[in-house]
Amino acid sequence: VYKFRIVIADNGSSDKTTEIASVLSQQYSEVNFTRLDLRGRGRALRKAWLESDANILSYMDVDLSTDLSSLNPLITAIAEEGFDLSVGSRLMNGSKVQKRTLKREITSRGYNLIIKSMFFTKFSDAQCGFKAISRKAANLLIPKVEDQHWFFDSELLILAEKVGLRINEIPVHWVDDPDTRVNIVKTASDDLKGLFRLRFGGLSRVLKEVKQISCC
């Protein structure tokens, strides 16, 4: 049994998230609420994780696309098995994905194939909204991640693997939200720009910086 705190990070929503989160934070001591006026998954995670004093930091999409039965193995991998990061995957054996359109499936698999071909990475699903990271790894990597939006996940995982951190993947039961606000074309374009930024200079710079930190 782990002690926990739930942080609802609202980054520029226009629905009733702020109102509902404010009420929940007042009703339950384990629930905190933070709001950012600017949008961006990376921006929200950066703020929530770096301001937390927890030993293990995790997140999942607020639409609960991932079945909560996967939460315990996600955390246990870091708390008891020595991994630095633990991530859900919709693309590995044992995963179950529902209500996903063919367009999103092809886009996701194609994107992850591009990552593997450019960086020779081992993880299978960079963008699954279900991840956990140790405090030590977060303090090391998050200040080095430049992206503030959807590419944050991919950049974090690529950096983690290349600096030698241990990454655990677990299959998840995932139900796609048909009412998603994600602009697939723009997101794909931004992701590709991020990959090229890392491939041509960004990654080598971070590796040098991390090596200097380790030496000192």
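The values are calculated or read from the model by the stated rules, or taken from the named source; none is laboratory data. For clarity, every value in this text was computed on a predicted model and none was experimentally measured. Cβ placement follows ideal geometry from the backbone for every residue including glycine, while neighbour counts extend to all protein chains displayed. For the accessible areas, the whole protein counts, side chains as well, though only heavy atoms, and no ligand, DNA or RNA atoms are used. Shrake-Rupley method; radii C 1.70, N 1.55, O 1.52, S 1.80 Å.
Worth a mention:
- Residues (hydrophobic (A, V, I, L, M, F, W, C) and closer than 11 Å to Gly88 by Cα) located in the stretch 55-70: Met60
- Boolean, Lys136 is within 22 Å of Leu165 (Cβ to Cβ), more than 15 Å from the chain's Cα centre (by Cα), among the basic types (Lys, Arg) and part of a loop (DSSP other than H, G, I, E, B): no
- Consider the stretch 1-25 and keep the residues that are in a loop (DSSP other than H, G, I, E, B) and among the hydroxyl-bearing types (Ser, Thr, Tyr). The one that is nearest to Ala132 (Cα to Cα) is Tyr2.
- Single unsatisfied condition, Phe151 versus (1) touching a strand residue (DSSP E or B) at 6+ places or on another chain (Cβ under 8 Å); (2) more than 19 Å from Ile56 (Cα to Cα); (3) crowded, with 19+ Cβ neighbours inside 10 Å: (1)
- Filter pass, Ala188 being among the small types (Gly, Ala, Ser) and buried (at least 18 other Cβ atoms within 10 Å of the Cβ): no
- Conditions (1) open to solvent by 30 Å² or more (accessible area, probe 1.4 Å); (2) more than 30 Å from Lys208 (Cβ to Cβ); (3) at pLDDT 95 or above: number failed by Ile114: (2)
- The number of residues in the stretch 1-25 being closer than 17 Å to Leu50 by Cβ and open to solvent by 90 Å² or more (accessible area, probe 1.4 Å) comes to 1.
- Of the set (1) touching a residue at least 60 places away in the same chain (Cβ under 8 Å); (2) farther than 20 Å from Glu51 by Cβ; (3) among the acidic types (Asp, Glu), all apply to Asp147 but (2).
- Residue match in the stretch 126-141 (condition: open to solvent by 40 Å² or more (accessible area, probe 1.4 Å) and farther than 26 Å from Leu38 by Cα): yes
So that you can scan it fast, the table gives a plain yes or no per residue for (1) over 23 Å from Ile20 (Cβ atoms); (2) modelled with pLDDT of 95 or more; (3) within 16 Å of the chain's Cα centre (by Cα):
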| position | (1), (2), (3) |
| --- | --- |
| Leu45 | no, no, yes |
| Ala48 | no, no, yes |
| Ser58 | no, yes, yes |
| Val62 | no, no, yes |
| Thr76 | yes, yes, no |
| Ser86 | yes, yes, yes |
| Ser89 | yes, yes, yes |
| Asn93 | yes, no, no |
| Glu105 | yes, no, no |
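- Here the stretch 160-177 is the region considered, the condition is being assigned to a loop (DSSP other than H, G, I, E, B) and of a type outside the set (Gly, Ala, Ser), and the residue that is nearest to Ile78 (Cα to Cα) is Arg166.
- Strands (runs of 3 or more DSSP E) wholly inside the stretch 26-107 that include at least 1 residues being over 23 Å from Asp147 (Cα atoms) and open to solvent by less than 80 Å² (accessible area, probe 1.4 Å): 31-36, 96-98
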